[in-house]
Amino acid sequence: MSPSSTSTTVLNAALSAVAIATMLQHMMRETSDTKEVEAQNTTKHLGPWSSAGRKAIYLWRQPSPPLGPQVTARLADKFCGINDVHLSRVPHGETGTTCWSILLGTIHPRALSIDFSETVQGKAVTRTNVSNDWSQIHLVALVNHESQLCVKISRATLMTLFALTNARPIYRYSSAAGHRSAYPSYCGQWTISWPIGKPCVVRFAPHDRHSAATDVYPPSLPARVNKCVEMMAGIVSDGAWKVAFPGRAKHAGPWLLQERPKGFGGAHGTRHLYNMQGGKVFEVDLLALVPWTFNEHENAVKLEIPALGEATNHAVLYVPKHEAQVLAKALDCLPWSSLPWSLHRGLKDVLLAHGKPVMNQYRVQLASGFQAGVLASRAALIERGWASELVDGPMASMAESAILSGSGNSGDVVRIVVAIVECLLQRVGMVDKVNLDRTDFWSRQLETSGSSGLAAFYAGEQFRAADMDILVALTKFFVLEWSQELDYQLYHDLPVEILLA
């Protein structure tokens, strides 16, 4: 080989090496820039969860999937291990753009703190948004679906989240192309999309009509996972005693209400849902609707309840004496709540029909006491986080109107009524002495008739234990009146595994 050929070969090799080095440098710079942009987008997408156990292992330029919270919510599991949580109707603290991070900014492990920049008698209360501490949540790999990092949840978890946030159906469409539905709740807007051949995706969006800075309500309110699930499943419990209610009547009847001890395990309806939630169906009694036989149970009380039949939207229900006692106990054991229930419609049908006549006897007297009740509890309400402009303004009138109306679907109004009653109990030192989940009022109504009591609801009068029992019982019935129906069988439209986007 000639010297010139050798020189040319060396020069070409050198030029190739320089070109390759330049290309590699450019690729490394491009890869670095791409990773930086991806990291910034991921941080914005995941919010406070962007650094939660994120792995830094790269195989062929493909990072291992980032980690996120394992969202579980069932009767057996509670909400990520916590049964008594606190809800806010707008996200608080730092959140990302993912629906699950927004959800975890709406459901809190503890009450949000309130910072008083002025005295209780001042005109304003400054609320402090605290960061959420969900550090105890187990981390799992996130699922990348259509450029969104999603968390896998079960359909049992979704049903619990619906009940916990007080969701209600407004739209549902199912066909060969797939399934779509929407469920607004007190804490945000739920949507479900399951196109044919693709995963089922659930999204949760915050309300666009509220903001934490202008909210005149306390920033959070308590909720109990177990009670929300039970009310959705149509079960009322008091310790070892548990009773399940039948579904809505299928036709006009007439029907007879019949108790079947430990009969829930053989019933249709919410039995499967309760099993999915980790409940023990064999512990639960059942109230069943059976065809009425004339001349049987002559002393039975006649009620009118809603029905599913096309010919009529009402059914006749006869309640014998023993079953009337069961209904009275169920009303006495209704759980206390600051928010309406996403409710089993059969439970709502029967209990409202049974208790409405008694509630109507007390309704005017109960409503007329809220003006004095708010005035006597002003300081306590402001201390709990209610804005003074609301307390000094329409709060009492809103509560009075809600009681008189007999029904509705406003979570804010229910919060107002319940808060006033809680402050009245606090004012007389009874809040820690009364079991709000257990009264005797409805059971006593079987032995007596006519309205009495509630004198203590008016400012300046002496509270009595009987007054407190009546007040608590009627307040729980009011919450029942303002609760919304939720189809406990909607999980049949969904797969076992769902992506929370």
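Values as computed for the structure displayed
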{"item": "Test: residue in the stretch 264-287 that is closer than 14 Å to residue 351 by Cα, surrounded by fewer than 18 Cβ atoms within 10 Å (Cβ to Cβ) and among the aliphatic types (A, V, I, L, M)", "result": "no"}
{"item": "Looking only at the stretch 374-391, and only at residues there that are of a type outside the set (Gly, Ala, Ser) and outside any helix (DSSP H, G or I), the one that is nearest to residue 114 (Cα to Cα)", "result": "384"}
{"item": "The stretch 131-152 - residue that is of a type in the set (S, T, N, Q) and in a loop (DSSP other than H, G, I, E, B) and, of those, surrounded by the most Cβ atoms within 10 Å (Cβ to Cβ)", "result": "132"}
{"item": "Boolean, residue 243 is part of a loop (DSSP other than H, G, I, E, B) and among the hydrophobic types (A, V, I, L, M, F, W, C)", "result": "no"}
{"item": "Complete set of residues in the stretch 171-201 that are among the hydrophobic types (A, V, I, L, M, F, W, C), more than 24 Å from residue 226 (Cβ to Cβ) and either modelled with pLDDT under 95 or part of a loop (DSSP other than H, G, I, E, B) (or both)", "result": "176, 177, 196, 200"}
{"item": "All positions within the stretch 306-319 that are outside any strand (DSSP E or B) and among the hydrophobic types (A, V, I, L, M, F, W, C)", "result": "308, 311"}
{"item": "Flag if residue 322 is touching a residue at least 60 places away in the same chain (Cβ under 8 Å) and not in a loop (DSSP other than H, G, I, E, B)", "result": "yes"}
{"item": "Subset of the stretch 485-501 (residues that are part of a loop (DSSP other than H, G, I, E, B) and touching a Ser or Thr at 6+ places or on another chain (Cβ under 7 Å))", "result": "486, 488, 496, 501"}
{"item": "Selected residue (only one of 379, 396, 367 is over 25 Å from the mean Cα position of the chain (by Cα) and either closer than 30 Å to residue 291 by Cα or surrounded by fewer than 18 Cβ atoms within 10 Å (Cβ to Cβ) (or both))", "result": "379"}
{"item": "Which listed residue is among the small types (Gly, Ala, Ser) and without any contact (Cβ under 8 Å) to a residue 40 or more places away in the chain, from 309, 263, 253, 279", "result": "263"}
{"item": "Residue check, residue 168 in a strand (DSSP E or B) and either surrounded by fewer than 16 Cβ atoms within 10 Å (Cβ to Cβ) or touching a residue at least 24 places away in the same chain (Cβ under 8 Å) (or both)", "result": "no"}
{"item": "Selection count where residues are polar (S, T, N, Q) and open to solvent by less than 50 Å² (accessible area, probe 1.4 Å), scope the stretch 184-214", "result": "3"}
{"item": "The stretch 252-275, residues that are of a type in the set (A, V, I, L, M) and assigned to a strand (DSSP E or B)", "result": "256, 257"}
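The values are calculated or read from the model by the stated rules, or taken from the named source; none is laboratory data. Bear in mind that the values here come from a model prediction, so they are computed numbers and not experimental data. FYI the Cβ positions are ideal-geometry reconstructions off the backbone, even for glycines, and counts take in every protein chain you see. Ligands, DNA and RNA are excluded from the accessible area calculation, which covers all protein heavy atoms including side chains. Shrake-Rupley method; radii C 1.70, N 1.55, O 1.52, S 1.80 Å.
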